[in-house]
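Below: one structure, written as structure tokens.
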Amino acid sequence: MAKKIEITSENIATLAGGCFWCVKSDFEKLFGVIKVISGYAGGKGENPTYESYAELGYIEAVQVYYEPKKITYEQLLNYFWRHIDPTDSGGQFVDRGPQYRSAIFYQDDKQKLIAEKSKQALEKSGKVGKSIATDLIKLTKFYPAEDYHQNYDTQNPVRYNSYRLGSGRDQNVIQYEVTQQCGTEEPFNNEYWNNKKEGIYVDIVSGEPLFSSLDKYDSGTGWPSYTKPLEPGNIVEKEDRSLYTTRTEVRSTQANSHLGHVFPDGPQPTGLRYCMNSAAMRFIPKEDMKKEGYGKYLKLFSPKK
């Protein structure tokens, strides 16, 4: 049976972001984090178990014990946002239901104020493209989960890795790292590098049209490559000197997402290679373009007379 932990003045962050196996594993990697406990929060009744917590209204959560001289509560929340989908009100990734929804359980007024400011900053940034569904809830009780749920990633690595791979969580993290932190995904190990279907590619955040499959070609680099943008007005090019050389970065106009780079070594007629990250885009197949609101581009795929 789960045992109750009394809330004290210790530096503890209580967060819910779907499967507590994964959230625990993510936060344990942070410098300044002492320990992380998987458990249940936000429900009614005493001593929830894995079999009863959902019926009692509890949410899978973790308590993060940290050293404030090494990492702050605000920094923990910034990390938290990057490892969940804050726009999903029905659960997180493959796990569906209110017991998997995201939440920040604040311990006192100070934490509440920081959480409110952090949530507002994320909403104003436009980085997620939708309204934030993550709840801010006053923490009353937290119950540690059963022992077999603690350190599940190291005690059951095969099952954990299989679950995590199929959950969609890491893809969300990659999307954030690419679009907001100018990251680069692995070549030959991304969603669209070898996609040969007809359709268009839009910004993952804003949905603004970026590229067409008609201009896509195999550059041999392992990243989706195009000779030109579908809508030049949706592309912004900037000088990039981050890798001891000068390159031309490509960003989306509305969302300001980092997409990739453009190089002058592409095929004719443009001679350009727009080398993009799959994680920064969403592919709309030709057959779905009308219902997705991109019907005006269907004429590009009509047989030429």
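The values are calculated or read from the model by the stated rules, or taken from the named source; none is laboratory data. This structure is a prediction, so every number in the text was calculated from the model and none was measured. As a convention, Cβ positions derive from the backbone with ideal geometry for all residues, glycine included, and neighbour counts pool all protein chains shown.
Of note:
- Selected residue (criterion: surrounded by the most Cβ atoms within 10 Å (Cβ to Cβ)) from residues of the range 281-305 that are in contact with a Phe, Trp or Tyr (Cβ under 9 Å, 6 or more places away or on another chain) and part of a helix (DSSP H, G or I): 286
- When the residues of the range 43-72 are filtered to those that are of a type in the set (Phe, Trp, Tyr) and surrounded by fewer than 23 Cβ atoms within 10 Å (Cβ to Cβ), the one that is nearest to residue 161 (Cα to Cα) is 50.
- Every residue from the range 124-139 that is modelled with pLDDT of 90 or more, over 14 Å from the mean Cα position of the chain (by Cα) and not hydrophobic (A, V, I, L, M, F, W, C): 135, 138
- Considering each residue of the range 73-83 in turn, none proves to be surrounded by fewer than 18 Cβ atoms within 10 Å (Cβ to Cβ), out of contact with any helix residue (DSSP H, G or I) (no Cβ under 7 Å at 6 or more places or on another chain) and part of a loop (DSSP other than H, G, I, E, B).
- Enumeration of residues in the range 30-42 that are buried (at least 18 other Cβ atoms within 10 Å of the Cβ) and either without any contact (Cβ under 8 Å) to a residue 60 or more places away in the chain or over 22 Å from residue 96 (Cβ atoms) (or both): 33, 36, 37
- Residue 154 being among the hydroxyl-bearing types (Ser, Thr, Tyr) and under 20 Å from residue 78 (Cα atoms): no
- Boolean, residue 86 is touching a residue at least 12 places away in the same chain (Cβ under 8 Å), in a loop (DSSP other than H, G, I, E, B), closer than 29 Å to residue 127 by Cβ and more than 17 Å from the chain's Cα centre (by Cα): no
- For the range 84-116, filtered to residues that are of a type in the set (Val, Ile, Thr) and surrounded by fewer than 20 Cβ atoms within 10 Å (Cβ to Cβ), the residue that is nearest to residue 68 (Cα to Cα) is 114.
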